[in-house]
1. Report for the chain the percent antiparallel among DSSP-assigned beta bridges with both residues inside it, nearest 5.
2. From the protein chains alone at 1.4 Å, what is the descending order of accessible area for Lys7, Lys483, largest first?
3. Give the accessible surface of the chain per residue, rounded to a whole number of Å², with probe radius 1.4 Å and ligands, DNA and RNA excluded.
4. What is the sum of charges around Thr294, taking Lys and Arg as +1, Asp and Glu as -1, for the other residues whose C-beta is under 11 Å from the C-beta of Thr294?
5. Report, in listed order, any pair from Lys461/Lys505; Lys291/Lys461; Lys353/Lys491 with a Cα-Cα distance greater than 21 Å.
6. Could you order peptides 259-268, 511-520 by the average number of other Cβ atoms within 10 Å of their residues, highest first?
7. With Cβ to Cβ distances under 10 Å as the rule, what net charge do the other residues near Phe282 carry (K, R +1; D, E -1)?
8. Need the list of lysines near Lys61 for cross-linking: C-alpha distance under 26 angstrom, and skip anything on the same chain fewer than eight residues off.
Amino acid sequence: MDAERAKREELEANHQALLSSTKSQELNQRRELDTALDELEALKRKHANDVLDWETEIKRKERQIRELEEDIRLRDEDLERERETVKTLRATVSQQATAQLTLNSHVTALQAQVTAVQIALDNSSNSAAELALKLEAAERRITEQAQEIAEAEMQRRRLHNMVQELKGNIRVFCRVRPLLPSDIPPSVFQASNSPGSSSTSPEDDERRKEMLRAQIAFPDKMDHKEIVLHSSSESATGQERKDEWQFTFDRVFEPHSTQAEVFEEISLLAQSCADGYNVCIFAYGQTGSGKSFTMEGGQTESSTGMIPRAVEQVFRVTEELKSKGWAYRMEGQFLEIYNETINDLLGKGEFDKKKHEIKHDKSGRTSVTDANVIPLTSPNQVRSLLAIAQSRRTVASTLMNERSSRSHSVFTLRICGENTATGETCEGSLNLVDLAGSERLDKSGAGNDKDRLRETQSINKSLSALGDVIAALGEKGDGKGDKHIPYRNSKLTFLLQNSLSGNSKTLMVLNLSPLANHLNESLCSLRFATKVNNTTLGTARKQVKGA
Ligand SMILES: Nc1ncnc2c1ncn2[C@@H]1O[C@H](COP(=O)(O)OP(=O)(O)OP(=O)(O)O)[C@@H](O)[C@H]1O
């Protein structure tokens, strides 16, 4: 029994020990469990945090993905466009390539042509070189011949000049101006353009112009010395009456003659003032007949008048004579004679109020008191002086020419030369005179206007004084040595006294209007010029020519 008890006790003890060990084990396990639970809790929290972080990250990534997807979409679009462009470019490149091929074939064809042309050109330049040589030789020949012709012409002119001088020192040229558009009354054109008119052809216009023209013929086609005027009229008995007037002058210029052609004939005369002659060139004729055009000319090179051409010629000659030891001094004076009063056209101010007097000294020099005498250094300077003078000229309106010059203008170029090598000196003068219109009273429309009447009377007085002086000089040449020369009858003749007598050379250019309306005026002018032409100035007698 004891044993059983002991055993039971042992068992109880063991059970007790086991229980306590189990208890402590349980305690331990519980502690471990708590720790594990704590850890689990911490892990759970961490996990929740991690989950939150991941969710945020995922959202960010999703946004990035969306952005990337948009980017990709845009890029795809770009790519598509680029592809289209590439496609178009490929098509263009392919077209260009085709065009290039075509061009290449053209270029090849052109190169072949160029080669052919080059060969032809080489051949041509060889023949051109040969032709150039021939041309050069021909040009040389032509230049030589032209020089020979010019020398022969100069010789002819000199001989002609000598013959003229032997005949006497007064010459008369006659120049007929062309018909101007301003000569044609508007009614002529109205008639040709009126609705009822049967024809408007240029031939008809020409025929109508022909009716306005005076019948003037120039029969002498060789020497150009004759002019013939015709007129036909009806007599009181109804019969047709034909008249013809024939005149001969030293030279007759037809309407188409140029300023250069007229000057050619007077160039020797102009240059002889450098040899010490007194030269006087007058332009005579009715208003509007072309005196100012002949003497002063127009604005263009070809229409330059006798005054600027003569001045240029004198400058040229004096320049040429420098090589022969001559030195020249030139001076100019430009006067106007209006109503028998002298105006200085080179004076200062708008109007010349000074009273000028003409003086002749014993040595044959003429001077005008208080008139400006300007040293001349170049033709250009003379041109500007002429322009100043022109603007100062007295012009007034008459029925016959709107810008009618109612005064005489006298341009004087005085030239003094000295030859330092030979000791010679010479003094000459060139007077270029643009006379006032020569028409008679009734035609100029002066009848009703007192001032115009006075102008016309003084113009007529001085022109007839000029005629009388020339006639008296002619009679003196005829052997009536003591013949009185009425220089003092007009300012014009008194001013030109020394240039009209002695060794002076005088040329009168008679200007004529081409109009039938002016035929009577033209006849008066032609008769006056014939009287002058039949006069002898100087030593020899001029031959009388028929009129
Ligand atoms: N040979 C010509 N060629 C062309 N036009 C000319 C010619 N002669 C004259 N004329 C023109 O005729 C018109 C009248 O000429 P200009 O004024 O020279 O006449 P004028 O005789 O000097 O007249 P005025 O006595 O009034 O001075 C001008 O318009 C001028 O340009």
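The values are calculated or read from the model by the stated rules, or taken from the named source; none is laboratory data. Note that the coordinates shown come from a computational prediction; the quantities given were computed from them, not determined experimentally. Glycine gets a Cβ as well: all are built from the backbone with ideal geometry, and neighbour counts include every protein chain shown. These area figures cover heavy atoms from the full protein model, side chains too; ligands, DNA and RNA do not enter into them. Shrake-Rupley method; radii C 1.70, N 1.55, O 1.52, S 1.80 Å.
1. On the way: 46 of 69 bridges.
The answer is about 65 percent antiparallel.
2. Numbers: Lys7 130, Lys483 70 Å².
Result, largest first: Lys7, Lys483.
3. Per-residue accessible area for the chain comes out at 61 Å².
4. Details: positive: Arg175, Arg177, Lys291, Arg309; negative: Glu296, Asp434.
Net of charged neighbours comes to +2.
5. Numbers: Lys461/Lys505 24 Å; Lys291/Lys461 19 Å; Lys353/Lys491 17 Å.
Where the Cα-Cα span goes over 21 Å, the pairs concerned are Lys461/Lys505.
6. 511-520, 259-268
7. Values: positive: Lys291; negative: Asp434.
Residues near Phe282 contribute 0 overall.
8. Lys44, Lys46
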